[in-house]
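Undergrad: Structure incoming, see below.
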Amino acid sequence: LPAVTSPCKILKCNSEFWAATSGSHHLGTEEAPEFCTALRAYAHCTRRTARTCRGDLAYHSAVHGIDDLMEQHNCSKDGPTSQPRLRTLPPGDSQERSDSPEICHYEKSFHKHSAAPNYTHCGLFGDPHLRTFTDTFQTCKVQGAWPLIDNNYLNVQVTNTPVLPGSTATATSKLTIIFKSFQECVDQKVYQAEMDELPAAFADGSKNGGDKHGANSLKITEKVSGQHIEIQAKYIGTTIVVRQVGRYLTFAVRMPEEVVNAVEDRDSQGLYLCLRGCPLNQQIDFQTIRSAQATEGRARRKGPSLSAPPQAFTYETATAKCREKLPVEDLYFQSCVFDLLTTGDVNFMLAAYYAFEDVKMLHSNKDKLHLYERTRDLAPGNMAPSGTSPALWVALLCLSQCWLGLL
């Protein structure tokens, strides 16, 4: 397993720190030196594994967290370090415990005497298409690593790679989710998925929130082996669905607005895609689509340097194929057509289909399941305005196909 063979030992550093600071959130001021000693030991452990952890999101999260904690507790970076003390686990297998403190159930703990929380949805699928927590629908480039969610409770980062060598079409090839340690409910847990590798467990092999009393308020369930997992984080009222469709990953989440907006510095969340959407320079407009398709068409005729799509679709055949799974011609249908034309891979039709199935399961407002127009407003010349009709979208794609046929 990757968790066993990886030379990066950040999870070992994390567990040693948790062991050394068990119950540390109850420490009085007079015990602060003990906490600082444990922090220095934690920092020393991360430095030892730094060389083998380059690019590991959990490692960088730990380093950032250590700096923050040292500043909060006025800890000196110079001083003694401690050997971690081992905790004694309660009798029985912690994986089997079903009892949880009330605080580890979001609705019970935070909304006893008030209305039920408002839930929001975010999804990422295909080439890639993003539906934000505010129901804005965008098609983006975002090649490389990008944060989808970054709040006080969890971080989600995706990595998007080109579908074909030299292509502008990208799709999600890696996903990392970090659930931060939360009171007596859960330890910090890391979930990682990659192309052709959709684990049914966290990176440390566990399937719940660890050794704390409310561990089962965070659980992974495998729905379809190697294709579909679901993570329930009841302590923050959150459900996450991760799928592998073809070679690529899709992501969908249902989260209370209170958790969505639980960020310490709102101004620093500009690249939090699910909340703010993709940066303007990463959003794809129809001009860019036509230019990219024309460029790729010319390159393929000049030589074999670019791989041809596994199956070529015309606008008519792409439309017919998408209609098999998506009979309503909304933005999910249009995304399906777009992806078949740009990638030639029929699995992108399934990705759009499953993305909409996840919306039906996770979105709290059933009147907003279908989206029919673009909600992004840009300066003139960047793309079609937010009121662009499906008919105009179709006409533009037809024009791009005709233009390619003439080249």
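The values are calculated or read from the model by the stated rules, or taken from the named source; none is laboratory data. Remember, it's a predicted structure, so these values are computed and weren't measured experimentally. Ideal geometry is used to build each Cβ from the backbone, glycine not excepted, and the neighbour counts take in all protein chains shown. Note: areas computed on protein heavy atoms with side chains; ligands, DNA, RNA excluded. Shrake-Rupley method; radii C 1.70, N 1.55, O 1.52, S 1.80 Å.
Undergrad: For segment 348-367, name all the residues that are out of contact with any helix residue (DSSP H, G or I) (no Cβ under 9 Å at 6 or more places or on another chain) and surrounded by fewer than 17 Cβ atoms within 10 Å (Cβ to Cβ).
TA: Result: 357, 361, 364, 365, 367.
Undergrad: List every residue pair whose Cβ atoms lie under 6 Å apart, where the two residues are 6 or more positions apart in sequence or sit on different chains, the first residue falls within segment 211-229 and is among the acidic types (Asp, Glu), and the second residue, located anywhere, is assigned to a strand (DSSP E or B).
TA: Matching pairs, first to second residue: 222/229.
Undergrad: Among the residues of segment 302-323, is any within 30 Å of residue 233 (Cβ to Cβ), open to solvent by 70 Å² or more (accessible area, probe 1.4 Å), modelled with pLDDT of 50 or more and of a type in the set (Lys, Arg)?
TA: No.
Undergrad: Has segment 156-167 got at least one residue that is open to solvent by 10 Å² or more (accessible area, probe 1.4 Å), touching a residue at least 24 places away in the same chain (Cβ under 8 Å) and within 15 Å of residue 272 (Cα to Cα)?
TA: Start the filter on segment 156-167 by keeping residues that are open to solvent by 10 Å² or more (accessible area, probe 1.4 Å), which leaves 157, 159, 161-167.
The next check asks that each one be touching a residue at least 24 places away in the same chain (Cβ under 8 Å); those that pass are 157, 163-167.
Filter again for within 15 Å of residue 272 (Cα to Cα), leaving 157.
Yes, segment 156-167 contains a residue that is open to solvent by 10 Å² or more (accessible area, probe 1.4 Å), touching a residue at least 24 places away in the same chain (Cβ under 8 Å) and within 15 Å of residue 272 (Cα to Cα).
Undergrad: Still on this structure, please answer the following. Name the residues in segment 232-256 that are open to solvent by 10 Å² or more (accessible area, probe 1.4 Å) and in contact with a Pro (Cβ under 6 Å, 6 or more places away or on another chain), would you?
TA: Selection gives 237 alone.
Undergrad: What pairs come up if the first residue lies in segment 127-140 and is within 16 Å of residue 340 (Cα to Cα), the second is acidic (Asp, Glu) and open to solvent by 10 Å² or more (accessible area, probe 1.4 Å), and their beta carbons are under 9 Å apart, counting only those six or more places apart or on different chains?
TA: That search, which allows pairs on different chains as well, returns 139/285.
Undergrad: Here is a follow-up. Out of all the residues in segment 96-135, which are farther than 30 Å from residue 353 by Cβ and either crowded, with 23+ Cβ neighbours inside 10 Å or modelled with pLDDT of 90 or more (or both)?
TA: 104
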